[in-house]
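The values are calculated or read from the model by the stated rules, or taken from the named source; none is laboratory data. Given the structure is predicted, the values throughout are model-derived calculations rather than measurements. Here the Cβ positions follow ideal geometry from the backbone for every residue, glycine too, while neighbour counts run over all protein chains shown.
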């Protein structure tokens, strides 16, 4: 059996880092970890190929080669996913679809022959049995939360690692919180399930043996969802990193209450975690309570960010405007918060109702849903009727982007961050990093309108906190990406 696994293209967004990737000569941010894991769940004697459309275009000859086409996608990829399905059906190929967008919106993809939904460890074996026996059904669902200690290693042989800026591993699934707008609970449940420390070490060993020596993203829904067990895993990870002379830098997603656990922050720093994404959402307490983000209401969020930065981890933040409790003052409050705490990578989005979330059900019951979400909450679109005047909301949102990603405010944030930041990560400069720096000297230091701020940042950082110079250069490069994406959004 010949199986083609296809990952659709992401649109150009804040998260795609398309412009920044050109500096490091990479084609995509991260590989499709889900499809690589699915490949390992398929029969070992099946012939498999994987095409990541973020790396290169899918060719007709590859579709013609396949007996089965597996496709996985997130909501933001749904337009290209539909195009791929249409192409495969043109050649009369059997299409098997799975992943987040199909789990919540399978009815919108009439071209797919089979849907293997929810978590593949629970639904894929039954599909395979039925398919091999010639009695495959159209839809396979399961409420089972599979034991991920039995999840196999991803099949890294299916991709060229050199195409990617960051590799991905998964330690846990699920999040103990239940934010109204979030679909994690639908996908992976509220009880975090974890892999064993031995599994994680094996995954890292596989990447190490494959020659990888750059950053790795722990793509967990909430890396610290089970603090007791993550500390046990980190103890193994620290030892492994020391034995191998720290070949990897790590980044992940967590909640802001990480700042309340000194030991956990120290262990993450010791393991070489250099970045953490926090869903801060808003400085408005009433809006936090509205969306069920109670764990952010008992914290001084500004101090939490500074505490994490002081432990050697750059905080990347997610922010949302458009909550029912938001007043027109929220836009200036968001700007002020982001600027004062120095969150350089601030992903600000309009609230959107993702299918089947608590927010989606509430707005549907209130008759406020307008259309399906694009899955990209930073594109300036709304899919529901907000309490605030729509025009004021969208203009306020654009004001935030126009301000925080202006060259003046962006470089101010970098300097504030550098001042708070205490570098602890062991960062080895590789060939790609060196050439990215050389490119930045010309593209930012000469051609960019930000050139004077760029040179001042470099000289000041080199003189006052030289260890932070690599991250200062990286953030200057990111600024080029954020500026171009912002310009596109503001033009809509």
**Q.** Residue under evaluation residue 425, criteria (1) touching a helix residue (DSSP H, G or I) at 6+ places or on another chain (Cβ under 6 Å); (2) outside any helix (DSSP H, G or I); (3) over 30 Å from residue 326 (Cβ atoms), criterion not met
**A.** (1)
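Residues are listed down the side, and each one gets a yes or a no for (1) crowded, with 20+ Cβ neighbours inside 10 Å; (2) touching a strand residue (DSSP E or B) at 6+ places or on another chain (Cβ under 7 Å); (3) over 16 Å from residue 33 (Cβ atoms):
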position	(1), (2), (3)
160	no, no, no
179	yes, no, yes
216	yes, yes, no
220	yes, yes, no
239	no, no, yes
Q | Meets criteria (in the same structural domain as residue 74 (by TED's automatic domain parsing), buried (at least 20 other Cβ atoms within 10 Å of the Cβ) and closer than 17 Å to residue 220 by Cα) for residue 120 | A | yes
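Given the structure, is residue 146 touching a residue at least 12 places away in the same chain (Cβ under 8 Å) and either within 30 Å of residue 24 (Cα to Cα) or not in a loop (DSSP other than H, G, I, E, B) (or both)?
Considered against the rule, which asks whether it is touching a residue at least 12 places away in the same chain (Cβ under 8 Å) and either within 30 Å of residue 24 (Cα to Cα) or not in a loop (DSSP other than H, G, I, E, B) (or both), residue 146 comes out as no.
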Q.
Residues to consider are 315, 305; find the one that is closer than 30 Å to residue 425 by Cα, in contact with a helix residue (DSSP H, G or I) (Cβ under 8 Å, 6 or more places away or on another chain) and not in a helix (DSSP H, G or I).
A. 315
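A quick yes/no check of all residues on (1) closer than 30 Å to residue 355 by Cβ; (2) more than 25 Å from the chain's Cα centre (by Cα):
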site: 375; (1), (2): yes, no
site: 387; (1), (2): yes, yes
site: 428; (1), (2): no, no
site: 439; (1), (2): no, yes
site: 479; (1), (2): no, no
Q: Considering (1) surrounded by 15 or more Cβ atoms within 10 Å (Cβ to Cβ); (2) part of a loop (DSSP other than H, G, I, E, B), say which one residue 137 fails and leave the rest.
A: (1)
Q) Does the range 288-298 contain any residue that is buried (at least 22 other Cβ atoms within 10 Å of the Cβ), under 30 Å from residue 363 (Cα atoms) and out of contact with any helix residue (DSSP H, G or I) (no Cβ under 8 Å at 6 or more places or on another chain)? A) yes
Q: Report whether or not residue 254 is more than 30 Å from residue 320 (Cβ to Cβ) and either free of Cβ contacts under 8 Å to residues at least 60 places away in the same chain or surrounded by fewer than 17 Cβ atoms within 10 Å (Cβ to Cβ) (or both).
A: no
**Q.** Number of positions in the range 209-229 that are in a helix (DSSP H, G or I) and either within 20 Å of the chain's Cα centre (by Cα) or free of Cβ contacts under 8 Å to residues at least 24 places away in the same chain (or both)
**A.** 2
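Would you check if residue 332 is modelled with pLDDT of 95 or more, within 22 Å of residue 360 (Cβ to Cβ) and surrounded by fewer than 22 Cβ atoms within 10 Å (Cβ to Cβ)?
no
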Q) Which one of these does residue 438 not meet: (1) at pLDDT 95 or above; (2) touching a helix residue (DSSP H, G or I) at 6+ places or on another chain (Cβ under 8 Å)? A) (2)
Q | Those residues of the range 31-43 which are surrounded by fewer than 18 Cβ atoms within 10 Å (Cβ to Cβ) and either modelled with pLDDT under 95 or in a loop (DSSP other than H, G, I, E, B) (or both), in sequence order | A | 43
Q) Is at least one residue of the range 264-275 crowded, with 23+ Cβ neighbours inside 10 Å, without any contact (Cβ under 8 Å) to a residue 60 or more places away in the chain, touching a strand residue (DSSP E or B) at 6+ places or on another chain (Cβ under 6 Å) and not in a helix (DSSP H, G or I)? A) no
(Q) Any residue that is under 26 Å from residue 412 (Cβ atoms) and either free of Cβ contacts under 8 Å to residues at least 40 places away in the same chain or crowded, with 18+ Cβ neighbours inside 10 Å (or both) - is there at least one of those in the range 353-373? (A) no
Q.
Among the residues of the range 414-436, are any surrounded by fewer than 20 Cβ atoms within 10 Å (Cβ to Cβ) and at positive phi?
A. no
(Q) If the requirement is being part of a loop (DSSP other than H, G, I, E, B) and either at pLDDT 95 or above or under 22 Å from residue 386 (Cα atoms) (or both), which of these qualifies: 292, 279? (A) 292
(Q) Exactly one condition in (1) crowded, with 20+ Cβ neighbours inside 10 Å; (2) in contact (Cβ under 8 Å) with a residue 40 or more places away in the chain; (3) closer than 15 Å to residue 171 by Cβ is false for residue 202; which is it? (A) (1)
Q) With respect to residue 153, is the statement that it is part of a loop (DSSP other than H, G, I, E, B), at pLDDT 95 or above and either at negative phi or in the same structural domain as residue 46 (by TED's automatic domain parsing) (or both) true? A) yes
Q | Verdict on residue 93 being surrounded by fewer than 20 Cβ atoms within 10 Å (Cβ to Cβ), touching a strand residue (DSSP E or B) at 6+ places or on another chain (Cβ under 6 Å) and at pLDDT 95 or above | A | yes
Q. What helices (runs of 4 or more DSSP H) completely inside the range 44-123 contain at least 1 residues that are touching a residue at least 60 places away in the same chain (Cβ under 8 Å), within 22 Å of residue 142 (Cβ to Cβ) and in contact with a helix residue (DSSP H, G or I) (Cβ under 7 Å, 6 or more places away or on another chain)?
A. 78-90, 100-105
